[in-house]
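Participant: Handing you a structure now.
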Amino acid sequence: MNATLEELMRLVPPATRPPIGDWDSAEQALHHHLPTDYKDLVNLYGSGAFCGYLELLVPPGVWEPYDIVEFNDGHGDYAVDVWREEDEKPHEFSADLGYELIAWASTIDGDTLYWLAHTDQKPESWRTLLVSEDLAVWEHYDAPAPAVLLGLLTGEIDSDIVTPDLSAVTFKPYPA
């Protein structure tokens, strides 16, 4: 287990041992291997909400409303289609540079945390693009998903989009 996950566990211990979903089918459906540290994060916490606000997407067989495959079905494509018509857009989508959006978490406000996935990059090097619900505001993070999550929960990442209540950092698991 990496240091970021250990620090996250000290900050907010996982409540229970969650069911392990089918990562192989998720990766096959998404046409990408997913970052190992993210799979480790989800295997530790499962489906649930950090601070009652930020929700991880999980592999099939864990919790259907937050199934990473179902959530990503057309979700990132919609954002890219909207940005094609806009003057302001993330620079990765100002030309056909080969990036794909793969969502890994969402908020109760409808904001989404995506990986900027590229076939020429290893999944562990994917950056995070945090996008507001209306697709008008986005923030880039050059860090793996668990580090972005930890930064948002500790306040080390100051986001104009994601604003969890940090008075008590909690994790509430959803039923399996």
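Participant: Rounded to the nearest 500, what is the chain's calculated 222 nm mean residue ellipticity when only DSSP H runs of at least 4 contribute -39500 (n - 2.57) each, over all residues?
Facilitator: -8000 deg cm²/dmol
Participant: Aspartates and glutamates within cross-link reach of Lys122: Cα-Cα under 15 Å, excluding same-chain residues under 8 positions apart?
Facilitator: Glu27, Asp37, Glu100, Asp142
Participant: Something else about it: How do Asp120, Asp165 line up, fewest other C-beta atoms within 10 Å first? Walk me through the numbers on the way to the answer.
Facilitator: On the way: Asp120 6, Asp165 10.
The most exposed by this proxy come first: Asp120, Asp165.
Participant: Using bins 10 angstrom wide from zero, how does P(r) for the stretch 50-176 break down, in % of all Cα pairs?
Facilitator: That works out to 12, 44, 35, 8, 0, in percent per bin.
Participant: Need one number: nm distance between label points at His91 and Ala143, each 7 Å from Cα along Cα→Cβ, rounded to one decimal.
Facilitator: In this crude spin-label approximation the distance works out to 2.1 nm.
Participant: If you restrict to DSSP beta bridges whose two residues both lie in the stretch 3-173, what percentage is antiparallel, to the nearest 5? Write out the running numbers ahead of the final one.
Facilitator: On the way: 24 of 25 bridges.
Bridges in the stretch 3-173 that DSSP calls antiparallel: roughly 95 percent.
Participant: Shifting gears a bit: Quick check for me: using +1 on Lys/Arg Cβ and -1 on Asp/Glu Cβ, what's the dipole size of the chain about its Cα centre, in debye to the nearest 20?
Facilitator: 820 debye
Participant: Same structure again: Give, in nm to one decimal, the length gained when the segment between Tyr78 and Asp160 is fully stretched (0.36 nm per residue of separation minus the Cα-Cα distance).
Facilitator: Between Tyr78 and Asp160, full extension yields 27.3 nm more.
Participant: Hey, how many Å between the Cα centroid of the stretch 124-169 and the Cα centroid of the stretch 15-39?
Facilitator: A separation of 20 Å, based on Cα centres.
Read-outs: derived from the displayed coordinates by stated rules, not from any lab. Predicted, not measured: the structure shown is a model, and the values here were computed from it. Glycine also receives a Cβ, built like all others from the backbone with ideal geometry; neighbour counts cover every protein chain displayed.
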